[in-house]
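Here is the structure we will look at, set down as structure tokens.
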Amino acid sequence: MIFDYLDGGAGAEMCLAENRRALDSIKLVPRFLSDGILPTENSTEVFGENYSIPLGVSPVGLAGFIWPGAELTIAKLAGELGIPFILSMVGTASMEEVFGAAGARAWLQVYPTRDETILTDVIQRAKRIGYKVLVVTIDSPVSAQRQRDIRNGFRNPFVLSPRAIWEFAVRPRWLAEMARKGVPQCAVFEPYLPRNARTPFECIAFAEAQVKNAACTLEDLKRIRKLWSGILVVKGVLSENDAEIALAAGVEGLVVSNHGGRQLEAAPASVDMFLQLADRFGPHCTMMLDSGIRSGLDVVRALAIGAQLCFSGRAFYYAAGAGGYKKIRLAIQLLTEEYKRSFGQLGCPPKEAWLRKS
Ligand SMILES: Cc1cc2nc3c(=O)[nH]c(=O)nc-3n(C[C@H](O)[C@H](O)[C@H](O)COP(=O)(O)O)c2cc1C
């Protein structure tokens, strides 16, 4: 059930498959006899911060169900190993804890909220805590229909069915951690909960109601821009129109993303849209990519088509679900090694190796 929550996509999961197809279609031609580039030379600076590899952790909501304490564990490792970590507004760790764990490597993702004062307060808190990068996700004005979650009964209010009891019972380590840490809830929203929202599930319902049916317009972005003097990024851009509006509002970065194939099933692969947007918008802002990135080779592919930074949600949270700290550390190490190996095999910068299709 929880694996399906993480792994699944919208509808018949066509967009999920598209993301992989588009990434796999990026071919790289090495140049062995050129100057040669050592894989140790490839740390990246983005928004004034140095990262060990150009790959970060996408925001994932309700991550505490994947593994209790998952976000905080990943955030600590991100801080230690030098990669960006984005906390979801509907995540299960608090803004303060995550910043304490990852420091300047921690970014915060927000959605527009139905009650504007909540978003305003979250932004002001983020500023006080010390966050430097705020990411506004625009691609989820309404919930998607995720068939696996419907089949599995993974919904709020959660009903402990015989099947759910069985699934939890056969995962004793997860269950023991859950018992130790308690049922996760949307920590960012805790200060705004109405008096009658006492249980974690009521808290989650409150947070979900706040972020759904709350569209994001140019006016909203302008309002956020006024409130936030740090780096502002818009995530979920797939069209020139949205990129133009985001830049008109004064953002510094765009994440081309289809939410990992979890929102609009008919959406194109984010790689395909990145190819259409990169040349035009790259000179004006930091262009980033997510949706489908699973390996160090994919990171090199993203750089080849012009991304300055890319992100993955599932690559890190699969590891979290496999057993917490040790598995996450191993995943980051493997991704780093793969990235450096793939980069080293090119013998030239990724952009020069990219086999463009005419
Ligand atoms: C379980 C799950 C929850 C997610 N929750 C959020 C969220 O709260 N906010 C957000 O901006 N994106 C969310 N996303 C989308 C990710 O930030 C990211 O765009 C996506 O995971 C990238 O695709 P990948 O998982 O294939 O790497 C979520 C993704 C998953 C898999």
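The values are calculated or read from the model by the stated rules, or taken from the named source; none is laboratory data. If you're wondering where the values come from, they're calculated on a predicted model, not measured in any experiment. Note: ideal-geometry Cβ built from the backbone for every residue, glycine included; neighbour counts use all protein chains shown. Surface areas here come from the heavy atoms of the whole protein model, side chains and all, with no ligands, DNA or RNA. Shrake-Rupley method; radii C 1.70, N 1.55, O 1.52, S 1.80 Å.
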Item to complete: Could you please state, rounded to a whole Å, how far the C-alpha centre of the range 266-335 is from the C-alpha centre of the range 177-231?
Response: 25
Worksheet item: Mind listing the phi-derived Karplus ³J(HN,Hα) values for the range 175-192, rounded to whole Hz, using 6.51, -1.76 and 1.60 with θ = phi - 60°, and x for any glycine or proline?
Response: 5, 5, 5, 5, 5, 6, 9, x, 5, x, 9, 6, 4, 4, 8, 3, x, 9
Response to the item:
The extension gain from Gln276 to Leu334, computed as 0.36 nm times the residue separation minus the Cα-Cα distance, is 17.8 nm
Worksheet entry | Relative packing of 335-341, 231-237, which averages over residues the other C-beta atoms within 10 Å, highest first | 231-237, 335-341
Practice prompt. Highest first, please rank the peptides 319-329, 238-248 by the mean number of other Cβ atoms sitting within 10 Å of their residues.
Written response: 319-329, 238-248
Item to complete: Set Lys and Arg Cβ to +1 and Asp and Glu Cβ to -1, take the dipole of the chain about its Cα centre, and tell me which of Ile26, Ser229, Gly323 lies farthest positive.
Response: Gly323
Discussion item. Beyond a 23 Å Cα-Cα separation, which of these cross-linked pairs lie in this structure: Lys181/Lys235; Lys181/Lys326; Lys27/Lys351; Lys76/Lys132; Lys27/Lys235?
Written reply: Lys181/Lys235; Lys27/Lys235
Item to complete: Return the long-range amide H neighbours of Arg262 (sequence gap of 5 or more, or a different chain), with a cut-off of under 5 Å between placed amide H atoms.
Response: Ala10
Response to the item:
Projected onto their principal axes, the Cα atoms of the range 76-119 stretch, largest extent first, over whole-Å spans of 37, 15, 15
Practice prompt. Output ³J(HN,Hα) for the range 342-357: one whole-Hz value per residue in order, computed from phi by the Karplus curve 6.51 cos²θ - 1.76 cosθ + 1.60 with θ = phi - 60°, and x for Gly and Pro.
Written response: 4, 4, x, 6, 6, x, 7, x, x, 4, 6, 8, 5, 8, 5, 8
Discussion item. If you count only protein heavy atoms with a 1.4 Å probe, what accessible area per residue comes out for the range 1-86, rounded to a whole Å²?
Written reply: 40
Practice prompt. Tell me the label-point distance for the pair Ala164, Leu264, using the 7 Å Cα-to-Cβ offset, in nm and rounded to one decimal.
Written response: 3.2
Practice prompt. Could you grab the relative contact order for the range 163-315? Cα pairs under 8 Å, six or more apart, rounded to a whole percent.
Written response: 14
Worksheet item: How much of the DSSP beta bridge set in the chain is antiparallel, as a percent to the nearest 5?
Response: 15
Discussion item. Below 8 Å, C-alpha to C-alpha, sequence gap of six or more: please give me the relative contact order for the chain in percent.
Written reply: 27
Worksheet item: Mind listing the phi-derived Karplus ³J(HN,Hα) values for the range 14-29, rounded to whole Hz, using 6.51, -1.76 and 1.60 with θ = phi - 60°, and x for any glycine or proline?
Response: 5, 5, 4, 5, 4, 4, 5, 4, 5, 5, 5, 7, 7, 9, 10, 9
